[in-house]
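One structure is given here, and the rest of the page talks about it.
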Amino acid sequence: MKRIILPLILLAILLASCAPVNLNASIPIFGTGIDPNAWAEIPAGEFHFGQQEEIETTEAYEIMVTDVTTAQYVGFLNESLPKGYVKVSSDRIVGFYPGDKFHGVKHEEEIKAGNWIYLPLIDPSQHIKFDGTTFTVQSGYENHPMTMVTWFGAWGYCKYYDYRLPTEMEWEKAGRGAGKHPFPWGDDIASNNANFYASRDPFEDMGSVGSRTSPVGFFNGQKYGNYQTIDSASPYGLYDMAGNVWQWTGNVYEGMHYRFMRGGSKDTYDMDLRLWVRNNATPTYFSPGVGFRCAK
Amino acid sequence: MSALQTRFNYIFGSTRGLILVAIAMIGIVTAIWGMLSGPMAEMGVREVVIKLLGMDIVQAEREGRIIILYHSIAMAVIAIETYMVTGLLKMKPFFKTAINATITVGYMVALIFGMGFAYFGHNWAFHGLYILGLSLIFFAGVMLIISLWPWNKEYYITNENNLWNWVRNIWCVWRKNEYQINDEDDYPQTKKIVDMERVAFFAAAVTTVISALFGAVPGSFFGNGFEVFLAENVIRYPEKTTMEYAVIGHLHIMLALIAIMITLIAGRWLNFNGILHKLAMPLMILGTIVLNLGVWGVVTPLEPIAHTIITEGATPSMIAALLLVIWGFDKLIREGTANIKKPNFGQKIGALLHDPLKFGPLWQMIFMNFTTSLIGIFMAIRLEKIFRVWPAHEERIELTGHWHVLSAIIATIILLYYGDMCGLKGKLRQWYGWSIIIFSDIAFGSVTIFEMKRLFITEAEQQPLVNALMYAIDFGLGMSLVILAGLMVYRLTDLFKSKGRWIEELDQEIAQEVNK
């Protein structure tokens, strides 16, 4: 009997790991009071860039206070599809990208001019639905950040409205302000500062769906039911600059096709929420943990 | 007073005592710092440990802390391997004492003050002592090289075994005859009758000391400006500085050299000999040298072809390890079925698995190939098609998991040998050996599945699998640590006995047990 206890425990763990995940499970609905159409003005001047706190300078610019929401992106798709700016191509939305200069560096892949994927339509994690003519948002996700969007999809959205993706420097300055703090709000992180892995926010169910996105601007000091958040705005008033979703940035670097993301996400530990942490992926990559915001 | 002195002499004067202390130090560090990440952190244990021990964790300094943590543990592992080398190979008593004393002070100072500096506020005197500790270990390495010098006639093999015997032995194997070799006179030699196994140890020691410089120089360069970085975070950048390449090369080669050294130690401890030994030693020497030349090449104009050289070097080393495993399994089967005229398959398997402390280290080497080497090769082959399609942080999980498992497998091999060295017998031997093998392999296997999960499950659907794997990893590692703690308690209790096992070990060198 004793001999089978360990195999039985292992079998139970294995079976538990095979449990299906209900991706359509209901999600708590909260209004945060933060306007996703708001912009923050960032003055020209120096700031501390990167973990080594090098002094860098930017011109003045504006950046969105929150990530682009799913509702905003649906608005863009419904507006731009009839104009031919985006197209439906089998199970995906595509749009034109003028291509990058190819340098032939080791591991570099050529990004040619042409139609590139903006987002997949048939994916269990996609919160945007398409009935053949109109795009709609899965109920409850309207004010959540737009996810499952490629770099091309983020670039295309910003371009359509005459905006652009922020550069890495602009992104970091907007999150860090003039200080040297690792997080937008200061030196340390608490579980109710941001949405990160196993942070016990109301959207998380670590037994099944795991960590999920939270509405943009959720961590603003409000109390939602029994859950008290800490106001975690950056010095310039931006929300979600740490956690929730990784954010695509606009730099196209010589000799590499990868695009960089900042901010950490619902799926990363707190260490990846530090403002200087970089992630990167091919521009065709999409994920339930990747979104973006625009600058102008 | 005399009782205390004798015990002190055992702990710091005997090979087994020194190994015991180093294992205990690693065990304590691993148990405490293992609670700062993974499921333990998610469950809130991390915060309790930090408060309880008064740690000063600054978010901005994580990379620096981790680098010191890795080095502190690695230095103790290197000390253990050094004790094993000085205990197993012939060398002048002065060198043995000097090397063991220097490296003991070195790793202890590096570990205690390094961790003190990294996790308990920045006392700069501690940082200085940490550097002093590392320097002492380097100096011990230089002394080890001198003491191992294979062209010292004292260490020549004095029999007449020569090239002709090589040919004869190969012919015998070809003809499927028995190995016509005596244990005493069959070590591979050149015409100058140099002990090739000693050359292999020497090559590993020399290249280790040189490769340490590849970490020391950029360490000083980056450390002076506090510009620490983790190699896994810059892996995709097309442009890297020479110093960044040096760091990446350093971490890869040091782990590879620790693996090569433990393979050589395993061979010596099992008394590896015969034709396979003759073939394995030149391969190991060749592999060690070429592998290092490739890694050193990353900071030269040879960088574009460095990876090819590294692969060419790794291949003979891995073949040499494979020959050891084949020979070792064959030996265990032959010895275990010596009393049976025509053993069947089941009896052979029974003989192979009879002693987990002999079988385990060889098995872990095979397991290592499934959990690390094969994945490394798979990654290299499918880099652009699979791994570079994933975001960098997914690739980072794969990379860090890969070398954490490799390090931990080496640690389990050391633990299994230590169990053998301290004479565990009967059921205790079986329980200890099989527990280490099974629990650690559960953890390593789970890490491997975790690393590769994106091949078969989406991000959105992964959570139940991730939960199961994380608990399996922590369960496997936790149980291995509990087993280790049990062994430490057993050894501690033994030290309180006036006629304990430690008395036998006080004067008995591990080399004396090799032929048992």
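Sort B:266-273, A:90-97 by the packing proxy (mean of other Cβ within 10 Å over each peptide's residues), most packed first.
Working: B:266-273: 21.0, A:90-97: 17.9.
So the order, starting with the most tightly packed, is B:266-273, A:90-97.
Which whole-angstrom value gives the distance between the alpha carbon centres of the stretch B:494-513 and the stretch B:371-407?
44
Answer rounded, prolate or oblate for chain B, using the Cα gyration tensor with square roots of eigenvalues a ≥ b ≥ c: rounded when a/c is under 1.5, else prolate when a/b is larger than b/c, else oblate. Don't jump to the answer; show the numbers that get you there.
Details: a/c = 1.34, a/b = 1.24, b/c = 1.08.
Rounded.
Could you sort B:458-465, A:233-240 so that the peptide with the highest average Cβ count within 10 Å comes first and the rest follow in order? Let's see the in-between values first.
Details: B:458-465: 19.0, A:233-240: 22.6.
Output ranking for B:458-465, A:233-240: A:233-240, B:458-465.
Rounded if a/c is under 1.5, else prolate if a/b beats b/c, else oblate: with a ≥ b ≥ c from the C-alpha gyration tensor eigenvalues square-rooted, which is the protein assembly as shown?
Numbers: a/c = 1.96, a/b = 1.90, b/c = 1.03.
The shape class here is prolate.
What lysines sit close enough to A:Lys112 to cross-link, taking a C-alpha to C-alpha distance under 25 Å and skipping anything fewer than 8 places away on the same chain?
List returned: A:Lys83, A:Lys87, A:Lys101, A:Lys159, B:Lys385.
So, in Å, what gap is there between the alpha-carbon centers of the stretch B:323-344 and the stretch A:122-188?
63
Gain in length, B:Thr97 to B:Leu302, computed as 0.36 nm per residue apart minus the alpha-carbon separation, to one decimal in nm? It would help to have the intermediate numbers written out before the result.
Numbers: separation 205, 0.36 × 205 = 73.80 nm, distance 4.05 nm.
Additional length available on full extension: 69.8 nm.
Need one value for A:158-170: mean number of C-beta atoms belonging to other chains within 10 Å of its residues' C-beta atoms.
Values: counts 0, 0, 0, 0, 0, 0, 0, 0, 0, 0, 0, 0, 0.
Taking the mean over all residues of the peptide, I get 0.
Do the sum for chain B: with -39,500 (n - 2.57) for every DSSP H run of n ≥ 4, divided by all residues, what is the mean residue ellipticity at 222 nm, to the nearest 500 deg cm²/dmol?
Working: 19 runs with 376 residues, N = 516.
One gets -25000 deg cm²/dmol as the mean residue ellipticity at 222 nm.
Across peptide B:453-465, how many C-beta atoms of other chains are within 10 Å of each residue C-beta, on average? Please report the intermediate quantities before stating the final value.
Working: counts 0, 0, 0, 0, 2, 7, 7, 13, 9, 5, 12, 12, 6.
Mean inter-chain Cβ contacts per residue within 10 Å come to 6.
Please report the net charge: other residues with Cβ closer than 15 Å to the Cβ of B:Gly223, K and R +1, D and E -1.
On the way: positive: B:Arg65; negative: B:Glu61, B:Glu63, B:Glu227, B:Glu244.
My count for the surroundings of B:Gly223 gives -3.
Using helices alone, I'd like the mean residue ellipticity at 222 nm for chain A: each DSSP H run of four-plus residues gives -39500 (n - 2.57), total over residue count, nearest 500.
Numbers: 4 runs with 46 residues, N = 296.
Counting only the DSSP helices, I get -5000 deg cm²/dmol.
How would you classify the stretch A:32-291 from its alpha-carbon gyration tensor, with a ≥ b ≥ c the square roots of the eigenvalues: rounded for a/c under 1.5, else prolate if a/b is greater than b/c, otherwise oblate? Write down the numbers at each step before the final one.
On the way: a/c = 1.63, a/b = 1.15, b/c = 1.43.
Because a/c hits 1.5 or more and a/b fails to exceed b/c, the stretch A:32-291 counts as oblate.
Just to confirm a number: summing +1 for Lys and Arg and -1 for Asp and Glu over residues other than A:Ser199 whose beta-carbon lies under 12 angstrom from that of A:Ser199, what do you get?
Working: positive: A:Arg200, A:Arg212, A:Lys266; negative: A:Asp201, A:Glu204, A:Asp267, A:Asp270, B:Glu42.
Result for the neighbourhood of A:Ser199: -2.
Take every residue in peptide B:42-49, count the Cβ atoms of other chains within 10 Å of its Cβ, and give the average of those counts. It would help to have the intermediate numbers written out before the result.
Details: counts 6, 1, 3, 0, 0, 0, 0, 0.
Taking all residues of B:42-49 together, the mean is 1.
Give, as a single signed number, the net charge of other residues whose beta carbon lies under 14 Å from the beta carbon of B:Thr372, with Lys and Arg counted +1 and Asp and Glu -1.
-3
How about B:Lys497: which lysines have a C-alpha closer than 24 Å to its C-alpha, ignoring those fewer than 8 places off in the same chain?
B:Lys425, B:Lys427
Since every read-out is calculated from the coordinates, none of them should be taken as a lab result. Given the structure is predicted, the values throughout are model-derived calculations rather than measurements. Counting neighbours? That spans all protein chains shown, and the Cβs are built from the backbone with ideal geometry, glycine included.
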